[in-house]
Each structure stands twice: as C-alpha cells, then as structure tokens.
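S.K.: Here it is, the structure in full.
The values are calculated or read from the model by the stated rules, or taken from the named source; none is laboratory data. Here the structure is a predicted model, which is why all the values come from computation and not from measurement. All Cβ positions, even for glycine, are placed from backbone atoms using ideal geometry, and neighbour counts span all protein chains on display.
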Amino acid sequence: MALDLGILLALLCACATNLGFLYKYRGAATAPAVDGRHPLRSARQLFSSGYFALGMAVATGAWGLHVGAMALAPLSVVQTVLSGGVVLLAVMADRLFGYRVGRRQWAGVALTATGLMLLALTAPKSGSDSGFSTAGMIAVEAGLVVLGTLFTLGPRIGGPTEHHGVMLGAAAGILFGVSDIAIKALTAASGAVGVLVSPWFAVAIVASIAAFYISARGLQVGDALPVIATTTAAANVAGILGGIVVFGDPLPRNAFGMTLEFIAFVLVCAAAWLTPAPRRALGIAASA
C-alpha cells in the first residue's frame, strides 16, 4: 500500500512539476537576466512576475509531493515514474498552452502509460529503504556536482553557445537530483533535530538554491520545452543512479519480473524519444 501511494504521489508530482515549469518560463522570459553576482536582486526580479511566482508556488507543492513519494517508495522507482514528465509536458503544452502535439507525441503518451503500469506491477514490494553508505553517498554526490558544474560553464569551456540553455537545463536537473538524493537520506533521520543537524540537509538546501538560479537562467536563454525536458531527464537519471548505487534499491527477484521492469524502462525511454521538443519555444512569452 505504501509503495502504491508513493507511485501515485510521484505521478501527481510529475504533473505539478511540469505545470510549474511552464509558468516559470512565462515569467522568466520577461524578467531581467539572472545575475549570479546579485542573487537577491535576481530573485526579486523573477518573483516580480506573477507567472513566475505562480510557477514557484506550484513547484513548491510538487516538491512536497516528491518528498512524500521518496519517503514511501524506492528512489529509483520514484524517479522512473517522474521520467514520464516529458510526455506530460507535451500534453500540458497542447491542452493548456496551445502547442500542437503530433501523432508521435501522443504515441509517447500511450507508451508511457503502459510502462508505468508495468513498473507498478513489477516494483519490489519492500517499500522504501533509506540506508546508505556514507562513502558511496559522498562519491555520487560529488561526481554529480562536478558534472553539473561543467554543464553550467558551457561555452566557457568550449561548449556550443546555441545549446547553452539546454546545458543549463541539464546542470539544473543534475543539481535537483543531488538535492533529491540528499532528501532521501534525510528520510531516515530521527525527528526535526536529526534533519537539521544532518550534513545532507545543507547539501539539499545549497543544491536546490543553485538549481533554482541555473534553471531560471536556462529558461531565459533557451527554448521552453528543450530546457524543461532536459532538466527533468537529468534529474531523473541522477535520482535513479542514486537510488540504485547509493541506496541499493532492489530489483525483481525473478527473470520474468526483471524482464517486465526492463521493458517498462525501455517504454518510458521510447516515449521520451517520441516526444521530442520543438526547435523553437512555445511562443508563450509573447502572451505573458
């Protein structure tokens, strides 16, 4: 029952996360450029947009759903469910923001639904396990931070300038993943005091703040759907990696179950491939 509830919360989180991203794009597109040298001023300018503030409110609700899902289900399962967000993003863009979604994208919706059903059927029933190796945790988190930093630097280290928005989206997603892994570790802490004194609390806060600014800047310099989809995918990959490597999330114990779960992963990945982001933004900034 707890695992099923965790999967349901993850689905709701995916919906809320992408809705929040689309609203944040509307607001960020009309705000002054984010300046890392003046973080408070940049935050004030972003929140001065009603659309961005609404997007952050929705994202905060999504974060609460995410924490609840991670407390009830293995991290890799939660992140796999969230990976369907790239398809939900296309659906919301079509229904709520007027973006035309083609047949390939709708085929992706069907594949994602099938993959998620298989995942729910084959996911191990052992619930959530927050135990982890400190050395493994440090190694994975440090590696992800380094990778995120490289994506953030982008053109400064030879990356293509025209892809800077997508690279910033990847960096933000990786740092969101760093925060998610740290939050998962905090679910094992004893009470509020245990959470506050844990070093992983500081990691979660710092990674979330950095991801906030990087994500906002990515939405300003890149097209909406490519940046949002890349952010979501990077966060999911980082979370799944953390779930398996750091927390030892279990796999099905028999060949049939493992085959079905592999098919579920393949279907969700195929859905992401079938729902590519357009070459240009949604054109929603003009309506802001």
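S.K.: Which residues, counting only those in region 64-92, are surrounded by 20 or more Cβ atoms within 10 Å (Cβ to Cβ) and either of a type outside the set (A, V, I, L, M) or on the phi > 0 side of the Ramachandran plot (or both)?
M.R.: Scanning region 64-92 gives His66, Pro74, Ser76, Gln79, Thr80, Ser83, Gly84, Gly85.
S.K.: For region 155-195, give me the residue count where each residue is closer than 19 Å to His66 by Cα, at pLDDT 85 or above and more than 19 Å from the chain's Cα centre (by Cα).
M.R.: Qualifying residue count, region 155-195: 1.
S.K.: Answer yes or no: is there a residue in region 197-208 that is modelled with pLDDT under 85 and surrounded by fewer than 17 Cβ atoms within 10 Å (Cβ to Cβ).
M.R.: No, that holds for no residue.
S.K.: Could you look through region 240-278, keep only residues that are within 21 Å of the chain's Cα centre (by Cα) and part of a loop (DSSP other than H, G, I, E, B), and pick out the one that is modelled with the lowest pLDDT?
M.R.: Of everything passing the filter in region 240-278, Pro278 is modelled with the lowest pLDDT.
S.K.: Within region 197-239, track down each residue that is among the hydroxyl-bearing types (Ser, Thr, Tyr) and outside any helix (DSSP H, G or I).
M.R.: The one that is among the hydroxyl-bearing types (Ser, Thr, Tyr) and outside any helix (DSSP H, G or I): Ser198.
S.K.: Looking at Ala14 and the list (1) without any contact (Cβ under 8 Å) to a residue 60 or more places away in the chain; (2) part of a helix (DSSP H, G or I), which single condition is not satisfied?
M.R.: (1)
S.K.: Take the residues in region 51-76 that are out of contact with any helix residue (DSSP H, G or I) (no Cβ under 7 Å at 6 or more places or on another chain) and not polar (S, T, N, Q); name whichever of them is farthest from Gln220 (Cα to Cα).
M.R.: Among them, the one singled out is Ala71.
S.K.: Another question about this same structure. Which condition does Ser128 not pass, out of (1) surrounded by 18 or more Cβ atoms within 10 Å (Cβ to Cβ); (2) out of contact with any Cys (no Cβ under 9 Å at 6 or more places or on another chain); (3) modelled with pLDDT of 90 or more, if it passes all the others?
M.R.: It fails just one condition, (3).
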